[in-house]
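Below is one structure; the comments refer to it alone.
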Amino acid sequence: MSNSTNPFGYTIKAEDVIETLGFFDDWEDRYKYIIDLGKELPAMPEDLHTQERLIRGCQSKVWIDSSVENERLQFTMDSDAFIVKGLIAVVLAAYNNASAKDILDFNIDEYFQQLDLMQHLSPTRGNGLQAMVARIQDIARNAV
Amino acid sequence: MNAQQQSSAPVFDVNRIRQDFPILDQEVNGHPLVYLDNAASTQKPNAVIDAIASYYRRDNANVHRGVHALSDRATQAFEQARETVSQFINSPSSRQLIWTSGTTASINLVAYSWARNTLGKGDRILVSWLEHHADIVPWQMISAQCGAEVIPIPVETSGDIDLDALAGLLDERVKLVAVGHVSNALGTVNPVSQICTMAKKAGAKVLIDGAQAVAHWPVDVQALGCDFYAFSAHKLFGPTGMGALWGREELLESMPPFLGGGEMIDQVSFSGTTFNTLPFKFEAGTPNIAGAVGFAAAINYVQSIDREGAALHEEHLLNLSVQRGADMPALRRVGAPRHAAGIFSFLIDGTHPSDVGMLLDQQGIAVRTGHHCAQPLMEHFELPGTVRASYSIYNTVDDVDRLFAGLEKALRLLS
Ligand SMILES: Cc1ncc(COP(=O)(O)O)c(C=O)c1O
């Protein structure tokens, strides 16, 4: 679908996010970067904003849609909040365009720890990160 | 909006008050903490922290059963606390004051012990659109069992209960009106005494969810004319997981126990068990003794300060916020109740409340974002939630300045 325009998992990967975030020493720059990353998510068509695609456990709304292309999972995700969209981008940098096995093998806790520069990446916050990751892993498990 | 109030800030020594709350003296994300989430839970003064610590250091034992000195001291402290809390709301007797784990448990107690056993098919329970889930869900749960119906009382766009609509709903089918004293989402101070009069005329009982009211001004359950009043210690500078239910004596007497166990019995036998008297018949199991001690300490603390000055001070902070908000083009206040208590709920155009909350947190400012456990209200107003700044006695004008500077910065980052 619109995945050809999705940079996450293609030109922007987990290492790139870790590297760029580590480069800023000011929280405002880090948040600006995260918010800008969110703006690079391809738009999710309104008609995909359905109840079934909604991820529970997030304060803002988060939707997810997925497909498999060449044995790699392609995710389309969206949120009604800017920072959460940025967090989605961070998560998709690690998971998008990856095989189900790679998704399940990926050490997400370590990734978040490396991004520790942002307290809001802590999965205990009400940002829904935990729920997003669980849903992506579920989809991967079903795809194996 | 009140222009006079802005020009002459009330004299209330907030800096003295702040010294009583050790938690306020800290940095969060490199900034001095600005705590504006008081409607979720208030902070605790040294008097409460020390009373709880001292209880565990010196007096701890189980209550009502020991023959020894510690048990006796614990029982005395526990029952003295009941007396203190009871007088605080002007109850005619401390027998009518039942310890619970909080407002939620108090409302559930009335739902399961009174409503479920009294109401049936064709009966109605009225709750307002403003209600916290704690004052909606228990009624829905027991209604599913007893066949009663839960009907919402309309709310105007100002966030005030529509009293004409309430009058229209009050017919002989209505057996209970359950409303909040103060809305935790919008700060609306409901005219509960008037609501009690209206409900009484229609022959309905009234339960008031007082969770958000007790911290702001003295509550007098007799003057209000309600049948039940539910509140929590933690919204009143006391410990979490502690609260009380006040009820009319004849009603409480008529209600069967809700939880069974120790403490609530008179005689237990396999041929039949009899129950303890009020208030103990509703207090099964070992209670939160330290919680009661802390609750009473919180009330003693509140009564030791200039309450009227504190209320004016909070009102001043709210008025200031409303004025500042009006000067910020992107800010939209949610609701504009005729009378509000310490709560400023708003949206920043083009952003989600959670964006704003996260960026304020980065600046050391704690606010609540989301639906505030009032999803029906948010749905009613078609809102994704709000950002809520809620003030307490220890907040300052500087906190309001920090909030608005923080909002300006958040807006810059998000645009
Ligand atoms: C209006 C209102 N009712 C009920 C509650 C529930 O109180 P608690 O969680 O202490 O039982 C709250 C607090 O969240 C509240 O604000």
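Things worth noting here:
- Residue that is nearest to the ligand (Cβ to nearest atom) [pool: residues in segment B:83-107 that are part of a helix (DSSP H, G or I) and either among the hydrophobic types (A, V, I, L, M, F, W, C) or open to solvent by 60 Å² or more (accessible area, probe 1.4 Å) (or both)]: B:Thr104
- Among residues that are within 14 Å of chain B (Cβ to nearest Cβ), part of a helix (DSSP H, G or I) and open to solvent by 20 Å² or more (accessible area, probe 1.4 Å), A:Arg30 is included.
- None of B:Val268, B:Val302, B:Val322 is open to solvent by 10 Å² or more (accessible area, probe 1.4 Å) and under 30 Å from B:Ile393 (Cα atoms) except B:Val322.
- Reported count of residues in segment B:253-265, each being farther than 22 Å from B:Asn62 by Cβ and open to solvent by less than 50 Å² (accessible area, probe 1.4 Å), is 1.
- Matching residues, segment B:26-53, being within 14 Å of chain A (Cβ to nearest Cβ), more than 16 Å from the ligand (Cβ to nearest atom) and not in a loop (DSSP other than H, G, I, E, B): B:Glu27, B:Val28, B:His31
- Selection from segment B:196-227 of residues that are part of a strand (DSSP E or B) and within 13 Å of the ligand (Cβ to nearest atom): B:Leu207, B:Ile208, B:Asp209
- Here A:Ile64, A:Ile83, A:Ile108 are screened, and the one residue that is surrounded by 13 or more Cβ atoms within 10 Å (Cβ to Cβ), within 14 Å of chain B (Cβ to nearest Cβ) and among the β-branched types (Val, Ile, Thr) is A:Ile83.
- Residue selected from segment B:110-133 under the condition more than 20 Å from B:Leu170 (Cα to Cα) and open to solvent by less than 10 Å² (accessible area, probe 1.4 Å), by the criterion nearest to the chain's Cα centre (by Cα): B:Val110
- Filter result for B:Ala374 (out of contact with any strand residue (DSSP E or B) (no Cβ under 6 Å at 6 or more places or on another chain) and more than 13 Å from chain A (Cβ to nearest Cβ)): yes
- Filter pass, A:Glu52 being more than 14 Å from the chain's Cα centre (by Cα), within 13 Å of chain B (Cβ to nearest Cβ) and in a helix (DSSP H, G or I): no
- Residue match in segment A:90-102 (condition: open to solvent by 20 Å² or more (accessible area, probe 1.4 Å), closer than 24 Å to A:Glu15 by Cβ and part of a loop (DSSP other than H, G, I, E, B)): yes
The values are calculated or read from the model by the stated rules, or taken from the named source; none is laboratory data. Remember, predicted model here, so these are calculated numbers, not experimental data. Here the Cβ is made from the backbone with ideal geometry for all residues, glycine too, and neighbour counts use every protein chain on show. Accessible surface is based on the protein model in full, side chains and every heavy atom, while ligands, DNA and RNA are left aside. Shrake-Rupley method; radii C 1.70, N 1.55, O 1.52, S 1.80 Å.
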